[in-house]
Amino acid sequence: MITDALLLMVAGLLAGALNAVAGGGSFFTLPALVALGLPPLMANASGTAALLPGYMASAWRFRGDIRMPGDLSLWGLLLLVLVGAVSGALLLLLSSEQLFSTLVPWLMLLASVIFALSPRLLKNRATAPTWLAALTLLLVCAYGGYFNGGVGIVLLAAFGLLGQHDLHGMNGLKNAVSALLTLVAVWVYAAAGLLVWKPLLLMALAALMGGYVGAALAYRLPAGPLRAFIVASGLVMAAVFFLR
């Protein structure tokens, strides 16, 4: 139906744009897919997969501003993301999801506060040492592999703690890491037969456009309002998880 297709396109476009500068795109994709009749588990899996092109497009748009945290190399970053994501996915299979779901809003709230305060906390501070950057990213990627919700805010907070200040570069790196984390998740979802391809592909096309447009618009926003928007997004996501 035309209305179903329109719902998928609008949700994908908004999710891709929001993920480009903050995170929380799943708050658009998941309700839209559930509204079309998909079971929640399949809706979550398909919505996560649909966001992958948006992450890639926004990371590409920010590519000129991306810098590695600490002295990490690109290959080192890839290894940390892979190990963290796989570890998080395995942890999900071995532990209580209910316990971690209880901790999620607190983690997101803490990440939002850290991100908001990071410019003051890190004023005149040198770049983080390689071991600290590696450990921080490993833990955050494990979080993303276990529970992808709000991982963009957590990543931005981590980059801020590691001494990064340029929001465009931080967003570009955040989206590149999120794309890699999502790739791991999509592989698991596909192996489990949880992906519904028809709505997924339509939403993915819209997310691709939203990711690029959102990243382009971010260059037109002053750093102050952009940082405030990211913090507000994190607080809203934390509130939503507290109320679940």
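Between the beta carbons of residue 201 and residue 240, assuming R0 = 35 Å, the FRET efficiency works out to 0.80 to the nearest 0.05. Its DSSP H runs of at least 4 residues, each contributing -39,500 (n - 2.57), put the calculated 222 nm mean residue ellipticity of the chain at -26500 deg cm²/dmol, to the nearest 500. Placing dummy labels 7 Å off each Cα toward the beta-carbon, the span from residue 132 to residue 34 is 4.0 nm. Helix 167-191 and the long axis of the chain differ in direction by around 40°, with both axes built from C-alpha atoms. Shape index of the chain: Rg/Rh, with Rg the Cα radius of gyration and Rh the Kirkwood radius from the inverse mean 1/r over Cα pairs, equals 0.95.
At a Förster distance of 45 Å, what's the computed FRET efficiency of residue 113 paired with residue 2, Cβ-Cβ distance as r, to 0.05? Working from the Cβ atoms, E equals 0.55. In terms of packing, defined here as the mean over residues of other Cβ atoms within 10 angstrom, the peptides 168-176, 227-235, 190-198 line up highest first as 168-176, 227-235, 190-198. Keeping the other protein chains in place, figure out the carbon and sulfur percent of the accessible area of the chain, with a 1.4 Å probe. C and S fraction of accessible area: 74 percent. Against the chain, whose longest principal axis comes from its Cα atoms, helix 151-161 is set at around 0 degrees. In this calculation the C-beta distance from residue 75 to residue 192 is compared with R0 = 41 Å, giving a FRET efficiency of 0.90. Cα centroid separation, segment 52-74 to segment 4-44: 23 Å. Per residue, the chain exposes 49 Å² of solvent-accessible protein surface, assessed with a 1.4 angstrom probe and all protein chains in place. Across segment 131-137, rounded Karplus estimates of 3J(HN,Hα) from the backbone phi angles (6.51 cos²θ - 1.76 cosθ + 1.60, θ = phi - 60°) give 5, 6, 4, 5, 5, 4, 5 Hz, Gly and Pro being marked x.
The values are calculated or read from the model by the stated rules, or taken from the named source; none is laboratory data. All values reported here derive from a predicted model rather than from experimental measurement. Glycine gets a Cβ as well: all are built from the backbone with ideal geometry, and neighbour counts include every protein chain shown. These accessible areas exclude ligands, DNA and RNA; they are computed on the full protein's heavy atoms, side chains included. Shrake-Rupley method; radii C 1.70, N 1.55, O 1.52, S 1.80 Å.
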